[in-house]
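Down below is the structure, laid out as structure tokens.
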Protein chains: 2
Amino acid sequence: MHTPVASQVLGLASVVLSGVWMGHYHGGFAWDGSEKEFNLHPLCMVLGLVFLHADAILVYRVFRHEPKKNVKLLHGTIHLLALIISIVGFVAVFDFHRAAKIPDMYSLHSWCGMATLVLFCLQWVMGLLFFLFPVASSWLRASYLPIHVFSGLVLLIMAIGSSLLGITEKLLFSITLTYSTFNPEGVLANVLGILLVCFGVLLGYLITREEYRRPPNPEEESLSVHFKTLTEGGSPTTP
Amino acid sequence: MHTPVASQVLGLASVVLSGVWMGHYHGGFAWDGSEKEFNLHPLCMVLGLVFLHADAILVYRVFRHEPKKNVKLLHGTIHLLALIISIVGFVAVFDFHRAAKIPDMYSLHSWCGMATLVLFCLQWVMGLLFFLFPVASSWLRASYLPIHVFSGLVLLIMAIGSSLLGITEKLLFSITLTYSTFNPEGVLANVLGILLVCFGVLLGYLITREEYRRPPNPEEESLSVHFKTLTEGGSPTTP
């Protein structure tokens, strides 16, 4: 359990650091079209698209001995929360841009961030259709699962990458002349970036390690899809 | 073979675009401490730390039916080339900074990039010691292999992430006022960033797909380490 605990410490530290950066160095938060509304953007993205996104993935590893249906519901619910918070973060920056007459969607950060959010929405809807509603056949579910898992990890890495791009942009806009003097805000934001990288590496490790995978459970297998059996031969009709 | 071919197209397009960006928009290349020396930095990093690094990983997938010893040598040689080109790219930027009296190592890009290069050197030396020289025992090799593979992919993603940070930095420094007007240089560099992301996703897909893995070969197993046997019990003494 040490690695999951370490991941939570890193993830929470990243969220706190985003809050401190925007709260202490940029005047805090508001919903009024001012820079204080922009400040919600970094906080919401790190909390929603990075931390909660990652935790929604982790529930399958941490609660690997709990009933699958409960874990699935928890996975979908945390993802929904992640999605709502991310959308608030997106609206915040577009709202601020409109009020300040700043153009949208010209930077690499905005391109990567938008791609991540759109694909994240798609991934959530596809997950809902395939795994929570009894729409897809067992064969379809089994075929889609590895794509869903791979895409989830790719989107988490893209979210972290977009966050680092956002950190760099914000620093070069707000402390243009003092960033190179190792001023405290620059160092704090760089540390936030490094924490996010470490968080991503730990998550990647946790997700790909066999020992954290859900062990096979014969009782579940009669109720749910057993992918190994499916791909190797038999095809149960119960989803 | 479609996915490996697509990855080569994306990788080469990224290298070409880096060259065009620096060649066409920033006056080309030289080794004289001027901005033309800096221009070698993006080109060398994308060529060495991203494209060649990725191809060194890919040889195990593309030449999965060739003798393992040859593939191993090719893997190490491409990595050595990647390392040399990356170091040239690093020297170029430090040299330019010294001549222009620009401080070093203050930005998130420099922190991430330096961490990637240092760990990449370490990974190469460890790989050499563990897999090319008969220093490590079979047990040590088998234990280190999954770490080596995981670290290789993490370092490739870190190299791509650092490149995107570098693209953002360079654009905000050089086209500060026109980036937001969708000027051609900005769009070209953004497209380079998106190509690098797609390259990374394709590589991740190729590396994690079972069908591209090296198939077990009984002849090799008597000469080389058979990891499955090792971890499950027996421990052959021949490396």
Take chain A, drop everything but the C-alpha atoms, weight them equally and run the Debye formula without solvent; then report log10 I(q)/I(0) at 0.10, 0.11, 0.16 Å⁻¹ to two decimals.
-0.52, -0.62, -1.11
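For chain A, what does the accessible surface come to per residue with a 1.4 Å probe? Please give it in Å².
Details: 11270 Å² over 239 residues.
On a per-residue basis, 47 Å².
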Quick shape check on segment A:17-73: root eigenvalues a ≥ b ≥ c of the Cα gyration tensor, a/c under 1.5 is rounded, otherwise prolate if a/b tops b/c, else oblate, and it reads prolate
Only Cα pairs under 8 Å and at least 6 apart count here; give the relative contact order of chain A as a rounded whole percent.
27
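Taking Rh as the Kirkwood radius, which is the inverse of the mean 1/r over Cα pairs, what is the Rg/Rh value for the protein assembly as shown? Present the calculation step by step, with values, prior to reporting the outcome.
Details: Rg = 23.5 Å, Rh = 24.0 Å.
Ratio of gyration radius to Kirkwood radius: 0.98.
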With 14 Å as the cut-off, how large is the P(r) tail for segment B:116-197, expressed as percent of Cα-Cα pairs?
70
Nm distances between copies for residue A:65, ranked from closest, using label points 7 Å along Cα→Cβ:
4.6
Please give the FRET efficiency for residue A:132 paired with residue A:65, using the beta carbon to beta carbon distance and R0 = 25 Å, rounded to the nearest 0.05.
0.75
From most to least accessible, 1.4 Å probe, no ligand or DNA/RNA atoms counted, A:21, B:111 line up as B:111, A:21
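Measure off, as a whole percent, the carbon and sulfur share of the 1.4 Å-probe accessible area of segment B:85-135, all protein chains present.
Details: 2030 of 2550 Å².
Carbon-and-sulfur percentage of accessible area, whole number: 80.
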Probe 1.4 Å, all chains present, heavy atoms only: residue B:87 accessible area in Å², nearest 10, is 80
What distance in nm lies between label points placed 7 Å from Cα along the C-beta direction at residue A:105 and residue A:2?
4.8
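Classify segment B:30-123 as rounded, prolate or oblate from the Cα gyration tensor: take a ≥ b ≥ c as the square roots of its eigenvalues, call it rounded if a/c is under 1.5, otherwise prolate when a/b beats b/c and oblate if not. Before the final figure, lay out each step's value.
Details: a/c = 3.40, a/b = 2.37, b/c = 1.43.
Note, shape of segment B:30-123 comes out prolate.
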Give me log10 I(q)/I(0) at q = 0.27 Å⁻¹ for segment A:152-192, Debye formula, one equal scatterer per alpha-carbon, no solvent.
-0.85
Size of the dipole of the protein assembly as shown about the Cα centre, Lys and Arg at +1 and Asp and Glu at -1 on the beta carbon, nothing else charged, in debye to 20?
620
Net charge within 13 Å of residue B:95 by Cβ-Cβ distance, Lys/Arg positive one each and Asp/Glu negative one each, not counting residue B:95 itself?
-1
With solvent modelled as a 1.4 Å probe, how much accessible area in total do chains A and B shield from it at their shared surface, in Å² to the nearest 100?
2800
Leaving ligands, DNA and RNA out of it, work out the accessible area of residue B:7 with a 1.4 Å probe and give it in Å² to the nearest 10.
0
So which residues of segment A:149-164 lose at least 20 Å² of accessible area, probe 1.4 Å, when you go from the chain by itself to every protein chain present?
A:150, A:154, A:157, A:158, A:164
Which whole-angstrom value gives the distance between the alpha carbon centres of segment A:148-176 and segment A:1-51?
13
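The values are calculated or read from the model by the stated rules, or taken from the named source; none is laboratory data. On a predicted model such as this, the values are computed, not experimentally measured, just so you know. Note: ideal-geometry Cβ built from the backbone for every residue, glycine included; neighbour counts use all protein chains shown. The protein model used for the area step is the full one, side chains on, heavy atoms only, and it has no ligands, DNA or RNA in it. Shrake-Rupley method; radii C 1.70, N 1.55, O 1.52, S 1.80 Å.
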